[in-house]
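Q: Just passing along the structure, written as structure tokens.
Derivation of every value follows stated rules applied to the coordinates shown; laboratory data play no part. This one's a predicted model, so the numbers in the text were calculated from it and none came from an experiment. Note that each Cβ is placed from the backbone with ideal geometry, even for glycine, and that neighbours are counted across all protein chains shown.
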Amino acid sequence: MEQKTEANRVVLHYKNGRIVKGMTHDFVAEKPKFHLIHQDGHIEEIQTELLKAVFFVKSYEGNKDYQEAKGFGKIDPVTFRGMKIKVTFKDNEVIYGATLGYNKTRKGFFVLPADPESNNIRIYVVASAVNDVKLGTQAET
């Protein structure tokens, strides 16, 4: 029986500031590359190390009128799982969320957004694009 993988809607943020939207069937955190199916249908091989982060999103448009909460003020303590994390990228963007597998020796890690209304489902952060990581109670500062 052929195994089908579900496509993930992603927004790629490159270290150089470029942003690209598309779908992927084969993103694996430990692998150095994956394929992006652009909105026009062409397929491109993506080198993960060139990226800042892979945002797995609910929609490409998001809610333009919604300002995502910074910090942990909107978390639901009943559903919030993992360790609190604050990630500061080299370009000074900051994201807040939870992580189940942060390890500073890995090439990247996943963050689940702290804001339940976020358009992001999860974010894969490329470690070489990060300036600082704070965990647990330190993430709240």
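Q: Please work out the FRET efficiency for the pair residue 7 and residue 76, using the Cβ-Cβ distance as r and a Förster radius of 35 Å; give the result to the nearest 0.05.
A: Values: r = 28 Å, r/R0 = 0.80.
FRET efficiency, residue 7 to residue 76: 0.80.
Q: Among the aspartates and glutamates, which fall within straight-line cross-link reach of residue 86, defined as a Cα-Cα distance under 13 Å, with same-chain neighbours fewer than 8 residues apart omitted?
A: 115, 132, 140
Q: Pairs 84/107; 21/84; 90/134: which are spaced more than 21 Å apart, C-alpha to C-alpha?
A: Listed pairs above 21 Å: 21/84.
Q: If I compute Cα Rg over 2.2 N^0.38 Å from the structure I just sent, which labelled value in (1) 1.17; (2) 1.05; (3) 1.35 lines up?
A: Step by step, Cα Rg over 2.2 N^0.38 Å for this structure corresponds to label (2).
Q: Near residue 131, within a Cβ-to-Cβ distance under 14 Å, what is the net charge of the other residues, with Lys and Arg +1 and Asp and Glu -1? Intermediate results must be reported in sequence, preceding the final value.
A: Working: positive: 15, 52, 86, 90, 104, 134; negative: 91, 93, 132.
Surrounding charge for residue 131 is +3.
Q: Give me a comma-separated list of calculated 3J(HN,Hα) values for the stretch 53-61, in order, Karplus coefficients 6.51, -1.76, 1.60 applied at θ = phi - 60°, integers in Hz, x for any Gly or Pro.
A: 6, 10, 9, 8, 10, 6, 8, 6, 7
Q: Between residue 15 and residues 5 or more places away or on another chain, which pairs have amide H atoms under 5 Å apart, with H built 1.01 Å from N, and which residues are they?
A: 51, 52
Q: Can you sort 87, 130, 28 from fewest to most other Cβ atoms within 10 Å of each residue's own Cβ? Working shown, then result.
A: On the way: 87 24, 130 17, 28 11.
Placing the least packed residue first, the sequence is 28, 130, 87.
Q: Sticking with this one: How far is the Cα center of the stretch 1-74 from the Cα center of the stretch 86-119, in Å?
A: If you average the Cα positions of each part, the centres end up 14 Å apart.
Q: Now for a different question. Which residue fluctuates most in the GNM of the chain (Cα springs below 10 Å): 61, 30, 49?
A: 61
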